[in-house]
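The structure that follows is given in the form of structure tokens.
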Amino acid sequence: MSGTGLQRRPARTAASRTGIGAWAGRRGQRPPVEGTSARQLSSPAPHTEEPTGSTRAPLSVVPGRARRQRVSTVVLSLVALVVALASILVLNIQISGGQYRLVELRAQEQALSQQNEALTQDLEFYNAPQNLAVMATDLGMVPARDSGTVDLTNGTVEGDPLPAQPQENHEILVEHANQTGSEAADRAAQRAEVREREKAEQERVDAERRAGEDAAPAGGAEAGGGSLPAPPQRTPGE
Amino acid sequence: MARARSTSTGDAPGARGIGRSHIGVVLVLGLLVVLGLRLVWVQGFDAAGRAEAAAGERSRTEVVPALRGEIRDTHGNVLARTLQRYDVTVDQSLVREFARPLADGTTETVTPTQAVYQLADALELEDTEVKDALDGDKQFEYVARGVTPEQWNTVRELGLPYVYGQTSSDRIYPNGPVGGSVVGFMGGDDEALGGIEQTQDELLRGTDGSRTFEISADGVRIPVAPQEESPVEDGSSVQLSIDSDVQFFAQQAVMERAEELDAEWGTAVVMRIEDGAVLALADSSTVDPNDIGSADPEDLGVRSVQNAVEPGSTQKILTAAAAVEEGVVTPRTEITVPPFLEIEGQKITDAFDHGEQQRTFAGIIADSMNTGTVLVGGKLSPEQRHEWMQRFGVGETTGIELPGESPGILTSADQWDVRQQYTVLFGQGVAQTPLRTATIFQAIGNGGVQVEPRVVESVIGPDGTSTPVERPEGERVVSEETAQQVLDMMEVTVTQGGAKEAAVEGYRVGGKTGTAEAPSPEGGYDGYTTSFVGVAPVEDPQYLVAVTLQRPQGDVRAIGTTPTFSRIMGQVLRHYDVPPSTTEPVKIPLRTDDPEEEDEAEGTAPVDTPPGVEAPEDTDVASDAEAGPGAPAAGAPAPAASRRDDEGD
């Protein structure tokens, strides 16, 4: 706390009280504070009294300030210690808490990546060419055979395009992948089983119908109808 | 201290105080000494051992298994992928009743029987299977292997203290039997056993790493403790030139034809001509790599790579290329073809009866006449014939990245018997894989430059960088002019000759049929090997399809593979958006004596004259004379032997 500071204090207080605008009105007089820094005072700082030779300074009781200071230092260090310990504790708790959080997040990450894996497996199963073909057939789609080409230079259709015709017995012979752990594969296996059963059933019905057809005309010679007698037919087993 | 004691003896309360502090000091000192000794013992004598023991209690080392790379098709579709799985194990000696804590704080008692039911439900296994696994007093037994993470989570929630899970992995193949034998498969002990899995194992496998870290009592990793890590190096992925869609279509087409004709097996090779990249290697029956246990051992390999068969008339293209290159003949050279050929006491006949005909060489190839081919090829010395076959790679492997490739059988010219030296000209008495046959046509389609086929396109490192695999240098086998002339003859075969069913609407197609008798494992011959190899579009050949059927049943005229070729080639051309041909096909007269008869001959002659007529007297003799390359010199060649060979249809 030098004298300069003491001298400037009122000025600064004035500046802060009245604001910079107050100085603007008093032209020619520069404000003690310009910008953020105090300007240097032109008047010399008042120097302290010169020592008065051998004159003994009168003894006086030193105020108990130093004592108060020592106590506050101890308190301060204690507080600092406690704060430091506490912050270390907090930091440690944070770190280990973070570790638990990390474990938790890792588990979550693993669960998600496992879920992702399972979904990818299903997706790739559906994406396999033979499964696409089977699904397309189930939807009633038929492969195109005679396709044409549009010539962009003259806008004509080259080739002999025809609408795709449904084929009989168009069966996808390539089997689906026999995978474990994929719901898509499990479902496909079930569908294939159903299809197999239906096919066997159909074959059985067809065979029965054929047998019936063979037997029926043999039973009635009138099967031909009309006035002309039906041609004689051999009965099976004859 | 002693002084203090002496000066204060008289002072009773003081002496008591001093005595107390003396005892205290001694006690403290004693403790200090004990602590000091302990310190010396711990730090001085057994420091390392103790630190190690402590660290050993805390530290855990685990192997970080390298993730096996993927196998992908040319579009990046995954053909093989490794998924995380768990093996569920049990310590049988610990199986007993236990108390399971419930969410509301109470516990319930779980008997081993209940545990069996719960486990069986979670793992979707039979109760008896689980019971068998839990019964006994072994400390380690598998309950189930390769269960999904979802299933393992269900098992873990059961909280059975004697059931453990260890991580494992499972290799899955989304496309299953589509390209199954090409992709390959893994054995139970993580050993690569077939296909690309086997040949590229080193790249795919990677290097396992390990990790050491310290854990606290509750099993959570101590964050500040030191840890060691040897980094894991995941395997690289391998991208193939196989196109799943083409592979599927080829497989479906070959399966249909093989089923229709009740053939032993059928194969199809689809190749890009420019660089020999293999787009499909189809088999009529293929292993599903997901389930090799139930596969037929015959289905484990790629037949067009592993099986050498007698090529039959497709080999006439090789003979034609050699003869044209040697300047012996051109497609338009006129040749008088007799009804049959007697040469060095050997009778060579054709698949159809005919009188003496004036034919062009193109006409001979187009109707696949053995007589004419021998007339032309016979102008080359046996050494030349052998050398030309070698130049086209017959008798050598292609080096394709698939296991068990057969080099075929090509005996040296001086070991050929008197008949074999002529039959090799039309593909009998020599054996090669269907893939090798395809490469001969690849050379013709590629302007005379043969590029050995490859199926691995690039290698993708664990960091995702893709490195193309170096392709073998192309090797010029014949001149560009020769290749063009042979290509013309192949086109004439489809447009004017005996392979009209091979045509693809909108495109110019060239190719050659082949029908060879199949050597029987019991010696002699039984059944046929029929094939068709062709390229398209002829004006700028881009794709090649080779279809082979082994021992199709039925009339020899109706067991060809031309319709199958046409279907696959049509699909390939459309799939790759090849613009339809705009140029007119090449026309070369097949016959020069009687053009009217030519029409008849080309349309009906091969069909009207079933070679089966000759079969009874023919087969045995042929077998003797040509017991095949396995026994080339066996038996005296029968003069009357006639070879049934090729079919136009």
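222 nm [θ] for chain B, helices only, -39500 (n - 2.57) per DSSP H run of 4+, per residue, to 500? Show your work: numbers first, answer last.
On the way: 22 runs with 214 residues, N = 649.
The helix-only estimate for chain B comes to -9500 deg cm²/dmol at 222 nm.
If you don't mind, there's one more thing I want to ask. Summing Lys, Arg as +1 and Asp, Glu as -1, what charge do residues with Cβ under 13 Å from the Cβ of residue B:307 carry, residue B:307 excluded? Working shown, then result.
Values: positive: B:303, B:436, B:551; negative: B:264, B:283, B:298, B:299, B:310, B:405.
Around residue B:307, the surrounding residues sum to -3.
Within 13 Å, Cβ to Cβ, of residue B:567, how many net charges do the neighbouring residues add up to if Lys/Arg are +1 and Asp/Glu are -1?
-2
Where in the range B:536-562 does the amide nitrogen come within less than 12 Å of the point 7 Å from the Cα of residue B:274, taken along Cα to Cβ?
Under cut-off, by backbone N: B:541-543.
Further question on the same structure: In the calculated pair distance distribution of the range B:275-387, what percentage of Cα-Cα distances lie above 19 Å? Write down the numbers at each step before the final one.
Details: 3762 of 6328 pairs.
More than 19 Å apart: 59 percent of the Cα pairs in the range B:275-387.
Using mean Cβ contacts within 10 Å as the protection proxy, how do B:138-145, A:183-190, B:500-507, B:86-93 order, highest first? All intermediate terms of the calculation are to be shown ahead of the outcome.
Working: B:138-145: 15.1, A:183-190: 17.0, B:500-507: 20.9, B:86-93: 19.1.
The peptides rank, most packed first, as B:500-507, B:86-93, A:183-190, B:138-145.
Using a Förster distance of 41 Å, how high is the FRET efficiency between residue B:344 and residue B:587, based on the Cβ-Cβ distance and rounded to 0.05?
With R0 = 41 Å, the Cβ-Cβ based efficiency is 0.70.
For the range B:82-170, what is the per residue volume of the convex hull drawn over the alpha-carbon atoms, in cubic angstrom? Display every interim value, and only then the final one.
Values: hull volume 7.6 nm³, N = 89.
Dividing the Cα hull volume of the range B:82-170 by its residues yields 85 Å³.
Which links in B:379/B:500; B:316/B:587; B:347/B:500; B:512/B:587 stretch past 23 Å when you go from one Cα to the other?
Among B:379/B:500; B:316/B:587; B:347/B:500; B:512/B:587, the Cα-Cα distance tops 23 Å for B:379/B:500; B:347/B:500.
With a cut-off of 8 Å between alpha carbons and a minimum separation of six or more residues, what is the relative contact order of the range B:82-170 in percent? The partial results should precede the final answer.
Details: 143 pairs, mean separation 46.7, N = 89.
Taking the mean separation of contacting Cα pairs over the length of the range B:82-170, I get 52 percent.
If I take every Cα pair under 8 Å that is 6 or more residues apart in chain B, average their sequence separation and divide by the length, what percent do I get for the relative contact order?
Computed over chain B, the figure is 14 percent.
Local charge sum around residue A:188 (other residues, Cβ-Cβ under 12 Å, Lys/Arg +1, Asp/Glu -1)?
Around residue A:188, the charge tally is -3.
Label points 7 Å out from Cα along the Cβ direction at residue B:128 and residue B:555: separation in nm?
Inter-label distance under the simple model: 5.5 nm.
Sticking with this structure for a sec: Using only the C-alpha atoms of chain B, find the volume of their convex hull and express it per residue in Å³.
Cα-based convex hull of chain B, divided per residue, equals 252 Å³.
Based on the alpha carbon coordinates of the range A:71-118, what radius of gyration and maximum Cα-Cα distance (Dmax) apply, in Å?
Values for the range A:71-118 (Cα only, Rg and Dmax): 20.2, 69 Å.
Which one, B:519, B:59, B:279, is farthest towards the positive end of the dipole of chain B when Lys and Arg carry +1 and Asp and Glu -1 on their Cβ?
Toward the positive end, the furthest listed residue is B:59.
Report the label-to-label distance for residue B:104 and residue B:157 in nanometres (one decimal), using points 7 Å from each Cα along the Cα→Cβ vector.
1.9 nm
Normalising by the residue count of the range B:97-223, find the relative contact order in percent from Cα pairs under 8 Å and 6+ residues apart.
About 11 percent, as a whole number.
Given Cβ point charges of +1 (Lys, Arg) and -1 (Asp, Glu) and nothing else, what value in debye, to the nearest 20, does the dipole of the range B:58-168 about its Cα centre take?
Numbers: 12 positive and 19 negative charges, 135 e Å.
Dipole about the Cα centre, nearest 20: 640 debye.
Label 7 Å along Cα→Cβ of residue B:576; the range B:262-300 residues with amide nitrogen under 20 Å?
B:267-283
Computed from the coordinates by the stated procedures, all read-outs in this text should not be read as laboratory data. Note that this is a predicted model, so its numbers are computed, not measured. Positions of Cβ are backbone-derived with ideal geometry, glycine not excepted, and every protein chain shown enters the neighbour counts.
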